[in-house]
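Derivation of every value follows stated rules applied to the coordinates shown; laboratory data play no part. The model shown is predicted, which means the values in this text are computed figures rather than measured ones. We place every Cβ from the backbone using ideal geometry, glycine too, and count neighbours over all the protein chains shown.
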Amino acid sequence: MFLFKKTLKDDEILRGIQAGGTQRRLCENKLYEKYYYLIREAQFKHKISNDDAQSAYSDAILSVIDHVLSKRFEGRSELKTYLYQIFTNKCVDQIRKNTTNKAAPHQNSVALDDALAWLPDEAQSVVGKLMIEGEVERLRERLRLLGDKCREMILAWGEGYTDDEIAQTMGYNTAAVAKTSRLRCLEKLREKLPPDPQWGN
Amino acid sequence: MDQIENYINNTLSAAERADFEQALKTDPALAEAVAFYVQAQQAAQAEARARRKAELDQLGTQMSRARQRTTFYTYATAASVILCLGLGYWLLTQDPRPKAQDKAWATTYIEKNFSTLTTKMGSGGDSIQIGISAYNTGNLEKSQAIFNDLLQRDSLNAEVQKYSGIVSLRRGDYDQAIKHFHRLGTRTDLMSNPGKFYEALALLQQNLPLNKSKAENLLKEVKAAKLEGWKEVEY
């Protein structure tokens, strides 16, 4: 019964997430469970359905996890306060989505621009020109067609797990071996793309 | 891919980094590979996030169901506790002894006390004794006849009235039994008078609709006045 599950303190949860590996996954779930009650509050406050509130809550939790891992969350406010603020914003986004029935149009291009921010300006424009809107979606579809091991490895990489953590969970001898396998899987993903002048095949 | 990743992760030396950036501007294949790497990373992040979100949604559904079950069990437990407390209270306040006004109680008394009759010395002579003997041997008809005859000859004989009533009671002739006991019960000249008590027994055995309340009233009277049989009454 969830009634008697042990509730971790916020700092224990944060340390667990930052520790990585299996502890990270466990603490992410603990974080989700600990503040789950906010969903009901949001339902009444924002007058949204339980499904919408639950979806917004999951999104908020994932955002908090990203911020904890990237050290964007510095711990200057309470974890609950931080989560509550993000959750409120997600609920508002959900209401807007329900009202207009479309996602915000510029989200994907903003994400891609951020991804190139580490390149020098000249290189950014060269690489940027080669990136097409919608290509990420195509890659996601191709990712699902990869073999189980490759797919799991790439998804773990996408979730931010290090090669060392991937090696431990997937049974590779060293991080270096895991990295080599992962890059090989990326090549396979690239091979799965159909011939396209963009890629020069 | 390895070189691209090393560049992104800033593990190249300054010279290697500069060479890479230069190559990026002039080598279309490298630029394509970088574009692919960046988008593949985006795709991996998006797909991983979608999968993780689905896992969390599933966790939420499980929690919601568990919460509903917990709420149900809490209410069910509370209802059971209240029910048990109520039942316990009711049982504790019940008198386990059979009530004086029950027919079963009357039957038990009759079987215990009227299966045989005894007589006191000098109570009326051989005729009463003969009637009692007939009763004790199970010849209730003969016993009834003897006592009826005696009653005709001496209607004020309290013993005969009593035995007539008892024989009628044992024979199932409740009207006669009630009549005899009632007459006996109205007498005021006796030291010990079981009339009202026996009348109540007969009423309970007869078990007609209004008999129970009549018997109750008689038994309360017996108890209050401490008439013969009052110790048997459970009020």
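A few comments on the model shown:
- In degrees, nearest ten, helix B:158-171 long axis to first principal axis of chain B (Cα): 50 degrees
- Cα centre as origin, Lys/Arg/Asp/Glu Cβ charges: chain B dipole, Debye: 1600 debye
- Axis of helix B:211-225 versus longest Cα principal axis of chain B: the two differ by about 70°, to the nearest ten degrees.
- In the range B:186-226, the trypsin sites (Lys or Arg not before Pro) that fall in loop regions by DSSP, at most 15 other Cβ within 10 Å: B:ARG187, B:LYS226
- Rounded to the nearest 20, the Cβ-based charge dipole of the range A:1-82 about its Cα centre (Lys and Arg +1, Asp and Glu -1) stands at 220 debye.
- Among A:TYR32, A:GLY75, A:VAL92 the positive-end extreme of the charge dipole of chain A (Cβ point charges): A:TYR32
- Helix A:79-100 vs. chain A, principal-axis angle (Cα, 0 to 90°, nearest 10): 70 degrees
- Between the range B:158-221 and the range A:27-97, the C-alpha centres lie 85 angstrom from each other.
- Rounded to the nearest 20 debye, the dipole magnitude of chain A is 600 debye, with +1 charges on Lys and Arg beta carbons, -1 on Asp and Glu beta carbons, and the Cα centre as origin.
- In order along the range A:147-163, the Karplus-derived 3J(HN,Hα) couplings, from 6.51 cos²θ - 1.76 cosθ + 1.60 at θ = phi - 60°, round to x, 4, 5, 4, 5, 4, 5, 5, 5, 4, 4, x, 7, x, 6, 6, 4 Hz, and Gly and Pro are given as x.
- Tail beyond 22 Å, pair distance distribution of chain A (Cα, percent): 63 percent
- Taking a quarter of the surface of the Cα convex hull of the protein assembly as shown gives a mean projected area of 40.9 nm².
- A Förster radius of 41 Å combined with the Cβ-Cβ distance from B:GLN3 to A:ASP66 puts the calculated FRET efficiency at roughly 0.95.
- Among A:TYR172, B:TYR75, sorting on how many other beta-carbon atoms sit within 10 Å of each Cβ, with the fewest leading, yields B:TYR75, A:TYR172.
- Interchain or long-range residues, amide H under 5 Å from B:GLU228's placed H: B:ASN193
- Charge tally around B:ALA134: other residues with Cβ under 14 Å, Lys/Arg +1 each, Asp/Glu -1 each, net 0.
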